[in-house]
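Colleague: Could you have a look at this structure, given as structure tokens, before my questions?
The values are calculated or read from the model by the stated rules, or taken from the named source; none is laboratory data. Note that the coordinates shown come from a computational prediction; the quantities given were computed from them, not determined experimentally. No Cβ is skipped: glycine too gets one built from the backbone with ideal geometry, and neighbour counts run over all protein chains shown. Surface areas here come from the heavy atoms of the whole protein model, side chains and all, with no ligands, DNA or RNA. Shrake-Rupley method; radii C 1.70, N 1.55, O 1.52, S 1.80 Å.
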Amino acid sequence: MLSYEQALEQLLAAAQPVAETRHVPITAAAGRVLAQAQVATVNVPPLDNSAMDGYAVRVADVPQAGVTLPVSQRIPAGTVGSELQPGTAARIFTGAPVPPGCDAVIMQERCEAGDGVVTINHVPRLGENIRRSGEDIATGNEILPAGIRLRAQEIALAASAGLPELPVHRRVRVGMFFTGDELVQPGEPLPPGAIYNSNRYALRALLEGLGCEVRDLGSVPDCLDATRDALRRAATDNDLIVTSGGVSVGEEDHVKPAVEAEGRLDMWKIAIKPGKPLAFGEVNKPEGGTAWFIGLPGNPVAAFVTCLMLVRPFILRLQGVADVRPKVLPLTADFTWSRPDSRLEFLRARINDAGRVELYPNQGSAVVTSLCWSDGLVLNPPGQAVQAGDSVRFVTFAELLA
């Protein structure tokens, strides 16, 4: 079996960003991946401006506290004042350009306004409370690199630089279906031996949260012909096929032979727990070309975890994201794990009030409540026992679901 790192490297080596790009308004760019680096064409701020409501002065005119100066002009935000005459002050407001001749702004709390005059109870220093032109963004500088997912922060930066639209990669198109004659949809009667299909809804939410266009083909009967037909339909117009269930070695597990019949299988079985029976390959498109294929396990926790730890970075790379690996935190264990597996374990855990990591008591791969209880996953190396106080590697769901 491949290790987790070997499997991830193989997935990322195969993934190439979708070629098509779109120019979208910045109002529609959140969550998309920037296709081209953006360079500032303006300074931000465009002019030296006041960081405070107060009074613009010449430092030389205020050698000591208690100096009274006549107020020669009033400069609201959005207007440009005239040159500040020596021996005077200008009433100025936050964001307003400082007038020529001014070299400090004194906040109004340190001043006493009178009838056409102001008494300044503070000795200013050069440049005090002045935001310099270009101190945030300078013309010609790269402000947004290619290959990042655009968050609210990047949208704000683009707007600050006056960019009305951004070039982004086309959304990754994902076709998904689920195998298992025992699966019933929520809202339907539950016959004996059946279970509700939680994977369909969890995986759809995860994929849509990654910005994918998801085409849901629903549940497929446990037979080879139906699985092959579903693969052909899912390959049409999609970049990636994601399935859940049917990738193990049972007599009713038809996904693996179906993929081998409709394309090729490059990887099967990974040394991770949960999630060993994960398959990766390609499916031939009816119109020519291929679609990537990733088959996830059927157990709900295994499907959820492998989607986060393997499908997510693969999709991010297809979207054009450069840095796809989640940040892993070194934290202190508040638990004992005395019987480790020979595979890398993804243990559901959360950070307690003491800032340490504690485990959900039932680590079964079908226990969906463990996902809701947890903050993230402990990545426990193969054969690694853990004692309370040991350092463990922890990745948060907030990081994986961002």
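Colleague: Are any residues in the range 254-307 acidic (D, E) and touching a residue at least 24 places away in the same chain (Cβ under 8 Å), and if so, which ones? Give the steps one after another, and end with the answer.
Modeller: From the range 254-307, those acidic (D, E) are 260, 262, 266, 282, 287; that's our starting set.
Answer for the range 254-307, where residues must be acidic (D, E) and touching a residue at least 24 places away in the same chain (Cβ under 8 Å): E262, D266, E287.
Colleague: Select from the range 335-361 the residues that are more than 28 Å from L2 (Cβ to Cβ) and without any contact (Cβ under 8 Å) to a residue 40 or more places away in the chain and write down the one among them that is surrounded by the fewest Cβ atoms within 10 Å (Cβ to Cβ).
Modeller: Here the residue is D353.
Colleague: S365 passes all but one of (1) within 27 Å of A230 (Cβ to Cβ); (2) assigned to a helix (DSSP H, G or I); (3) open to solvent by 10 Å² or more (accessible area, probe 1.4 Å); which number fails?
Modeller: Among (1) within 27 Å of A230 (Cβ to Cβ); (2) assigned to a helix (DSSP H, G or I); (3) open to solvent by 10 Å² or more (accessible area, probe 1.4 Å), the lone unmet condition for S365 is (2).
Colleague: Shifting gears a bit: Just for the range 19-31: of the residues that are hydrophobic (A, V, I, L, M, F, W, C) and outside any strand (DSSP E or B), which one is surrounded by the most Cβ atoms within 10 Å (Cβ to Cβ)?
Modeller: So the first thing to find is which residues in the range 19-31 are hydrophobic (A, V, I, L, M, F, W, C), and the list is 19, 24, 26, 28-30.
Of the ones still in play, those that are also outside any strand (DSSP E or B) are 19, 26, 28-30.
On the way: A19: 9, I26: 17, A28: 13, A29: 21, A30: 14.
Within the range 19-31, the match that is surrounded by the most Cβ atoms within 10 Å (Cβ to Cβ) is A29.
Colleague: Just to be sure I understand, how many residues within the range 157-210 are open to solvent by less than 40 Å² (accessible area, probe 1.4 Å) and more than 30 Å from N43 (Cβ to Cβ)? Outline the logic, then answer.
Modeller: As a first pass, look at the range 157-210 and keep what is open to solvent by less than 40 Å² (accessible area, probe 1.4 Å): 158, 161, 163, 166-170, 172, 174-180, 183-185, 194, 197, 199, 202-203, 206-207, 210.
Subsequent filtering for residues that are more than 30 Å from N43 (Cβ to Cβ) retains 170, 172, 174-180, 183-185, 194, 197, 199, 202-203, 206-207, 210.
Matching residues across the range 157-210 total 20.
Colleague: Another question about this same structure. Considering V67, V39, V71, which residue is surrounded by fewer than 16 Cβ atoms within 10 Å (Cβ to Cβ) and at pLDDT 95 or above?
Modeller: On the way: V67 fails: surrounded by fewer than 16 Cβ atoms within 10 Å (Cβ to Cβ); V71 fails: surrounded by fewer than 16 Cβ atoms within 10 Å (Cβ to Cβ).
That would be V39, the only listed residue that is surrounded by fewer than 16 Cβ atoms within 10 Å (Cβ to Cβ) and at pLDDT 95 or above.
Colleague: Could I ask something else about it? Being under 20 Å from the mean Cα position of the chain (by Cα), surrounded by 19 or more Cβ atoms within 10 Å (Cβ to Cβ) and part of a loop (DSSP other than H, G, I, E, B) is the requirement here; does G246 meet it?
Modeller: Working: under 20 Å from the mean Cα position of the chain (by Cα): no; surrounded by 19 or more Cβ atoms within 10 Å (Cβ to Cβ): yes; part of a loop (DSSP other than H, G, I, E, B): yes.
So G246 does not fit the description; no.
Colleague: Then there's this: Which of the numbered conditions does R215 fail, given that it passes all the others? Conditions: (1) charged (D, E, K, R); (2) under 24 Å from the mean Cα position of the chain (by Cα); (3) open to solvent by less than 60 Å² (accessible area, probe 1.4 Å).
Modeller: The number of the failed condition is (3).
Colleague: Quick one: which of L34, L47 is open to solvent by less than 30 Å² (accessible area, probe 1.4 Å) and under 48 Å from the mean Cα position of the chain (by Cα)?
Modeller: Numbers: L47 fails: open to solvent by less than 30 Å² (accessible area, probe 1.4 Å).
That would be L34, the only listed residue that is open to solvent by less than 30 Å² (accessible area, probe 1.4 Å) and under 48 Å from the mean Cα position of the chain (by Cα).
Colleague: Right, next: Would you call F280 surrounded by 24 or more Cβ atoms within 10 Å (Cβ to Cβ) and among the aromatic types (F, W, Y)?
Modeller: Details: surrounded by 24 or more Cβ atoms within 10 Å (Cβ to Cβ): no; among the aromatic types (F, W, Y): yes.
No; evaluated as a whole, the condition is false for this residue.
Colleague: Among the strands (runs of 3 or more DSSP E) lying completely within the range 57-174, list those that include at least 1 residues that are touching a Lys or Arg at 6+ places or on another chain (Cβ under 6 Å).
Modeller: Ranges flagged: 67-75, 89-92, 165-169.
Colleague: Give just the number: which of (1) over 31 Å from the mean Cα position of the chain (by Cα); (2) within 30 Å of L400 (Cβ to Cβ) does L69 not satisfy?
Modeller: Here L69 meets the rest and fails (2).
Colleague: Let me spell it out: the conditions are (1) more than 16 Å from R317 (Cβ to Cβ); (2) surrounded by fewer than 19 Cβ atoms within 10 Å (Cβ to Cβ); (3) in contact with a helix residue (DSSP H, G or I) (Cβ under 9 Å, 6 or more places away or on another chain), and Q16 meets all of them except one. Which number is the exception?
Modeller: Unmet for Q16, out of (1) more than 16 Å from R317 (Cβ to Cβ); (2) surrounded by fewer than 19 Cβ atoms within 10 Å (Cβ to Cβ); (3) in contact with a helix residue (DSSP H, G or I) (Cβ under 9 Å, 6 or more places away or on another chain): (1).
Colleague: Restricting to the range 229-242, name every residue that is assigned to a helix (DSSP H, G or I), within 34 Å of the chain's Cα centre (by Cα) and more than 21 Å from A303 (Cα to Cα).
Modeller: First pass over the range 229-242, keeping only residues assigned to a helix (DSSP H, G or I): 229-235.
Right, trim to within 34 Å of the chain's Cα centre (by Cα) and you get 230-235.
Listed by number, the residues that qualify are R232, R233.
Colleague: Scan the range 305-320 residue by residue and report those that are in contact with a Leu (Cβ under 6 Å, 6 or more places away or on another chain) and either at pLDDT below 95 or open to solvent by 10 Å² or more (accessible area, probe 1.4 Å) (or both).
Modeller: R317
Colleague: Could I ask something else about it? Do we have A230 as open to solvent by less than 50 Å² (accessible area, probe 1.4 Å) and at negative phi here? Even if it seems obvious, please write down each step before you answer.
Modeller: Values: open to solvent by less than 50 Å² (accessible area, probe 1.4 Å): yes; at negative phi: yes.
Against the criterion (open to solvent by less than 50 Å² (accessible area, probe 1.4 Å) and at negative phi), A230 qualifies.
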